[in-house]
Every structure is written in structure tokens, then in C-alpha cells.
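The structure under discussion appears below in the form of C-alpha cells.
None of the figures in this text is laboratory data; all of them are computed from the coordinates on show. Everything numeric here is computed off the predicted structure, so don't read it as measured data. Ideal geometry is used to build each Cβ from the backbone, glycine not excepted, and the neighbour counts take in all protein chains shown.
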Amino acid sequence: MTQPLNQPDKHDAVLGGYAAIPTGAVILGGWDGVRRRLASSRPEERLAALPEALQYGQRGLNLVMRALGDRAPEVQQAAYELLQNRTEPKVMRAVDQFYASAYYDRVQRLLAGQQWQRADQETRVVMLERYGLDVDEPLQAKQLQGFPCTDLRILDQLWLKYSQGRFGFSVQKAIWQKYDRLYWNKSEVWRTFADRVGWRTHNLFVDNHWKRHSEITFSLSAPVGHLPFLGDKFGIFTVEAIINRLTECQRSIAP
């Protein structure tokens, strides 16, 4: 059946919000209607148009991604919720940037300023806060089995970005897995890994000494993979669990 003139289809919105369309009413339908509502000065109109925009392929997706920077927090959050489970690389980058700005701004600013020790401490704090734990409490390895992938990925990306690829969980993961494949004895894996990333001391006076947080080198001159260390209650006690969780997270988004 031919669509009557001046009548909306299932994607159309009507100016004024009437359920029945009076003769001569202006119809804000289709793609143009979505664009106009997303450009509206009224947050509720922009909010309502977001889900509909995704029906228009890449161009609609681009508008929803742009809404992550909307001036209204509720519109930003709605856009984030629509995009957070998508796996397109461009979308994931936009979501991560939004999430990092919203929840990891302090970590990002410390890393950007190359304040490595404070960034290391802040990373520990936000990971504990993610579980509702006090900053002085240890985070058990078994808890890390369920650490949110988005948070872990963003923290790793921030460390990678601002250290020019020298520091980060994924850097530690590559080193750990190399030795985990090489040695069958887990103690040997631990020792070799710690030697490689600079977490153990060997000299004439002290041999096989596992460093504490106060002995860590908070500088780009430190060995690759040296950071994040995350304190004496993290460090060597959680790195394997973090690596295992990061591996699971990366597998979950693999094509």
C-alpha cells in the first residue's frame, strides 16, 4: 500500500509530538529528522534520537559517537551505554576515551606529566576503589579474575601511551608469557621475569633481593615492563593474575 502523503513511517518523529498528525503538520522523519533532533537545544530530544540514529548505519553511528562529547551528561551517558558493547575499533577507541576522561582523568594527567610514582599509586587506588576496598587493603589475585575488562584495557592503554610503549600491563604480559612458555617451573618464571623487568637486585652485597615499592625506579630509564608495580601489596603478588585477566579480556574482543 502506498504511504499517504504527510504521514510518518516507523522512523519518523513529528514536530510537537502529536500521536495523530493534523493536516499540514511538519514531519521530522528519517535521517534528516534524526539529525535535526540531535542538533536540538533540548537534551530530551537529543536523548530520544540516539537509539534511532543507530538504524542509519555508519553515519548514524558517527552521530552517536559524537554524542559522547555532548554538553548534557545524560546524553553522554546514553551514548556510552549504546556503544559500550560494540566491537568496531573506531567505536572502542571513542568509548575508551570517554571512559578514561570520565573515570581515569587523574591517572591520565599524572602519566601525561610523567609523574610515574604518583601515577603508579593512583592506578592502585582506582583499582581498589573499583572493588570498594580501602587504599590500604590488598587486592587478592582471585578478585582480579573478575576485574572489568574496560577498566583494565583503559589503564593499560594509558600507561602504554604516555610511556611510549615501555610500561603497561600488556608489556608485562608479553614478557611473562615468553618465560612461561620457556620454563616449566613456575618459580623460574617468576625469577626470570623479575630480573627482566628490574624487580630483583643482584650485586656483591645483596643477591636475589626482591625490591619493595620504595626501591622501584619511577623513570623512563627503568627497564621495559618495570611499571606499573602498584605497591608491595600488588607487585609480584598480582602481576600473574592481572596478565591472565588481560589475556581473557583480549580474547573476548578478538574477531
What are the aspartates and glutamates whose alpha-carbon lies under 16 Å from the alpha-carbon of Lys211, with same-chain residues fewer than 8 places away excluded? Asp120, Asp195, Asp232
Aspartates and glutamates with Cα under 12 Å of Lys233, excluding same-chain neighbours fewer than 8 positions away: Asp136, Glu137
Given a Förster distance of 51 Å, report the FRET efficiency between Gln177 and Ala39 from their Cβ-Cβ distance, rounded to the nearest 0.05. 0.55
I need Cys249, Cys149 ordered by Cβ neighbour count within 10 Å, fewest first. Cys149, Cys249
Run the quick spin-label model on Asn244 and Asn62: label points 7 Å from Cα toward the beta carbon, then report their separation in nm to one decimal. 4.5 nm
Quick one: if the Förster radius is 30 Å, what FRET efficiency do Ser187 and Gln77 give, using the C-beta to C-beta distance and rounding to 0.05? 0.05
Among 131-139, 64-72, the order from most to least packed when residues are scored by Cβ within 10 Å on average: 64-72, 131-139
